[in-house]
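For reference, the structure discussed in these notes is given below.
The values are calculated or read from the model by the stated rules, or taken from the named source; none is laboratory data. This is a predicted model, so every value here is computed, not measured. FYI the Cβ positions are ideal-geometry reconstructions off the backbone, even for glycines, and counts take in every protein chain you see. What goes into the accessible areas is simple: the full protein's heavy atoms, side chains included, and nothing from ligands, DNA or RNA. Shrake-Rupley method; radii C 1.70, N 1.55, O 1.52, S 1.80 Å.
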Amino acid sequence: MVSVMKTKKIVLIWDFDGPIGQVNSTLPYNFHFEQFEKEINNVRWLLEFLKEEKIKCCFAITGFSAEIGVYPYTFPELIQEIAANGHEVASHSWKHEWIPLFTEDQINKSLKRSKKALEQSIAKEGFVTGFVPPHNRPMTWWQKGAFSLGDRGLFPFFTMGNMEALLQLLVKNKYQWVRISYKNLFTKFRLTKKNITGRIYNHKGIFVLENHYNGFDDQVIQHILTTNYETYTVSAHPFMLSLANKKESKETFLNFIAKLKHSGQSIEFISPSDYISSINVIK
């Protein structure tokens with residue numbers, strides 16, 4: 001019997017914070033105005049590189065960045081260009097909120113407003129169906145036996161500190177997928193084998209991209225090339241492309257692409273929504 005090589009699908013997601021995201025995730029003494037345009041310029045470089053390599057991915061963008069305003073604080077034209085190049089646009093919340101600290105009503109409004117602003121900027125209603133929580137929070141999901149003391153807004157004292165509450169709001173606002181991070185007790189104590197790029201599965205009507213890998217170093221390259229999972233979710237930040245000798249630097253990213261491209265294996269880059277659509281077609 002001749003074995004057929006299985007195509008490995010890489011789901012690549014860029015967390016495009018924008019100025020509002022940088023302000024809300026940066027400590028005051030680390031703030032620098034020039035980083036705003038540096039991040040945007042890195043996205044412009046990415047668009048050209050991805051076009052040359054025929055790679056499709058996803059950009060998770062803060063909704064505030066899609067509003068009509070003053071450059072570089074908002075940039076709806078660039079978001080429109082991202083979508084025009086065939087990449088998926090997902091919500092990265094309205095203003096990069098630390099979800100566990102906010103009320104259910106506040107997060108509901110953030111999900112609704114960010115989706116609306118992003119879809120208006122690309123003139124495609126219903127196009128934004130994915131959500132990437134800022135700061136990877138919440139990470140507590142007590143229904144799955146996962147807890148994180150780093151959430152600051154701890155469940156049950158803060159309703160949105162539990163992942164299940166977020167997922168319910170996503171379904172309510174017609175999102176189809178979410179990228180999340182969580183570790184149950186079995187994983188934390190290494191009682192089960194960990195897939196460092198996570199699975200993709202349906203949970204109560206929404207697809208979960210779990211425990212993505214952050215960066216492009218040799219660990220994730222070897223993981224992709226030496227295992228046989230159907231999907232591998234990898235994430236990074238456009239701004240980090242400017243930082244040398246980091247997991248998300250431009251040099252590391254280029255090495256990642258080159259090694260996968262010349263591995264001799266069947267590898268395809270696919271957006272989250274395209275992958276989900278392919279599953280639904282098969283079913």
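Out of curiosity, is Lys54 surrounded by fewer than 24 Cβ atoms within 10 Å (Cβ to Cβ) and at positive phi? Spell out the reasoning first.
Numbers: surrounded by fewer than 24 Cβ atoms within 10 Å (Cβ to Cβ): yes; at positive phi: yes.
Yes, satisfied.
Checking the structure you have, find out if any residue of segment 27-42 is under 22 Å from Ala123 (Cβ atoms) and either buried (at least 21 other Cβ atoms within 10 Å of the Cβ) or under 19 Å from the mean Cα position of the chain (by Cα) (or both).
yes
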* Structure fact -> Of (1) of a type in the set (Ser, Thr, Tyr); (2) open to solvent by 50 Å² or more (accessible area, probe 1.4 Å); (3) closer than 23 Å to Lys183 by Cβ, Tyr232 fails just (2)
* Asked: For segment 68-92, what are the residues that are out of contact with any strand residue (DSSP E or B) (no Cβ under 8 Å at 6 or more places or on another chain), buried (at least 21 other Cβ atoms within 10 Å of the Cβ) and not hydrophobic (A, V, I, L, M, F, W, C)?
  -> Thr74
* Can you tell me which residue in segment 238-262 is farthest from the chain's Cα centre (by Cα), limited to those that are surrounded by fewer than 20 Cβ atoms within 10 Å (Cβ to Cβ) and in a loop (DSSP other than H, G, I, E, B)? -> His262
* Residue by residue through segment 148-202, note down the ones that are over 18 Å from the mean Cα position of the chain (by Cα), surrounded by fewer than 20 Cβ atoms within 10 Å (Cβ to Cβ), at pLDDT 85 or above and of a type in the set (Phe, Trp, Tyr). => Phe157
